[in-house]
Ligand SMILES: Cc1cc2nc3c(=O)[nH]c(=O)nc-3n(C[C@H](O)[C@H](O)[C@H](O)COP(=O)(O)OP(=O)(O)OC[C@H]3O[C@@H](n4cnc5c(N)ncnc54)[C@H](O)[C@@H]3O)c2cc1C
């Protein structure tokens, strides 16, 4: 029986995993990538430390996704422990950082990891065609712009792995959204996730405090609380703790045009204990905040920024604000600066096997689907899990 052809469009993380796992004794497989190289966003992800996945137990891992139910089958097929083993097997040693996140060993550069994955794909006899941009359909055929002119292809199966819509310099620009919408496939406009959030700082506050950190705090939005640190930026706030609240903050902004987050500057001390310290009449409030409660000058400046003189001298008020400091968020950072995006192909447009319900033999995977997760390795894990799952599905056809 002759081999069937699979065209993968997009050469990002999910596509690379698929290409490494697919059984090429059964299928002829080609990746079509519009850029000069595959895995450009994977390399960008490695800029601040390539956080491949997280080491927590699968039961705790899976609930980090929105919606959890969608990611479950892919994660169950190829979970974080499977990914760590797979990465180790291709020659990349990993370590678990203090935050329980998993990284390649410190002296291993992201390009080395990418090259090991590409070697695996080449050894698997998958063809990689770069500078091939998919531009839409001609009837049911795929149309590409290529260095040799337009190409028209009719593979047996198409796997779309086009990525989200941030860091367009890596190729993931979301320009394809309208092409699916024209085919009657429900698409959701992209929005920034794992991004900075806008706050209307006063000029004097930001002049003094831009670039300063708020360390060892916790921040909440709705029922979700995250411990960590934040950076004060001209735009507002950045940092892992607020990225993790992206979904909650975005939901509030979408319905109210603004969101409120609450910072606890002293997560390990109770409000009563803070009030007891503030009740020491032999010291000024400023000294108690700075030296007894160890608040940083930035934290104190932030409290003062939103507090009248009268309120500042009211110790009950200040104790409450230290534990539950409200900040109004007025928007997200520009989408192109976000670490990930939500939106894309609506989840109810694909079957559990990731096949488009309205376009049989065509599949979608990775960030181009409308799911969300915080930073911490959850993004790459989900993309790799989908790539693995789909390759395994084909291998068992
Ligand atoms: C700054 C930054 C840091 C990050 N850090 C981490 C991290 O540490 N850990 C983590 O888990 N995740 C991280 N991520 C997220 C992670 O990199 C992405 O979620 C992941 O790369 C998405 O994989 P994907 O397979 O969906 O698509 P992508 O990797 O986005 O790849 C999609 C590919 O499709 C190609 N393409 C698009 N349109 C076409 C077309 N029309 N024709 C042909 N090709 C096309 C693009 O050029 C691109 O190469 C980070 C992201 C960023 C931006």
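Laid out as a table, the results:
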{"quantity": "Under the Debye formula (equal points on every Cα, no solvent term), log10 I(q)/I(0) of the chain at q = 0.07, 0.09, 0.10 Å⁻¹", "calculated": "-0.38, -0.59, -0.71"}
{"quantity": "Where only alpha carbons of segment 316-380 are counted, the Rg and the Dmax (Å)", "calculated": "19.1, 64"}
{"quantity": "Compactness of segment 127-218 as Cα Rg over 2.2 N^0.38 Å, two decimals", "calculated": "1.70"}
{"quantity": "Length gained when the stretch residue 296-residue 234 is fully extended (0.36 nm per residue, less Cα-Cα span)", "calculated": "20.4 nm"}
{"quantity": "Coarse-grained scattering of segment 197-332 at q = 0.10, 0.16, 0.21, 0.22 Å⁻¹, given as base-10 log I(q)/I(0) from a Debye sum over alpha-carbon atoms", "calculated": "-0.32, -0.81, -1.31, -1.40"}
{"quantity": "Taking 389, 312 and counting other C-beta atoms within 10 Å, the order from fewest to most", "calculated": "312, 389"}
{"quantity": "Rounded FRET efficiency, nearest 0.05, which uses the C-beta distance separating residue 306 from residue 130 and R0 of 51 Å", "calculated": "0.50"}
{"quantity": "Spin-label zone in segment 32-73 - amide nitrogen under 19 Å from a point set 7 Å from the Cα of residue 100 along the C-beta vector", "calculated": "51-66, 68, 72"}
{"quantity": "Binned Cα-Cα distances of segment 125-278, short to long, each 10 Å bin given as a whole percent", "calculated": "9, 25, 24, 16, 16, 7, 2, 1"}
{"quantity": "FRET E, pair residue 93, residue 200, Förster distance 45 Å, beta-carbon r, rounded to 0.05", "calculated": "0.45"}
{"quantity": "Virtual spin-label span in nm between residue 26 and residue 81, 7 Å along Cα→Cβ", "calculated": "2.6"}
{"quantity": "Exposure proxy ranking, count of Cβ atoms within 10 Å, fewest first, for 270, 158, 112", "calculated": "270, 112, 158"}
{"quantity": "Peptides 368-379, 12-23, 81-92 ordered by average Cβ neighbours within 10 Å, highest first", "calculated": "12-23, 368-379, 81-92"}
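The numbers here are math on the coordinates, done by the rules we state, and not lab data. Computed from a predicted structure; not experimentally measured. Note: ideal-geometry Cβ built from the backbone for every residue, glycine included; neighbour counts use all protein chains shown.
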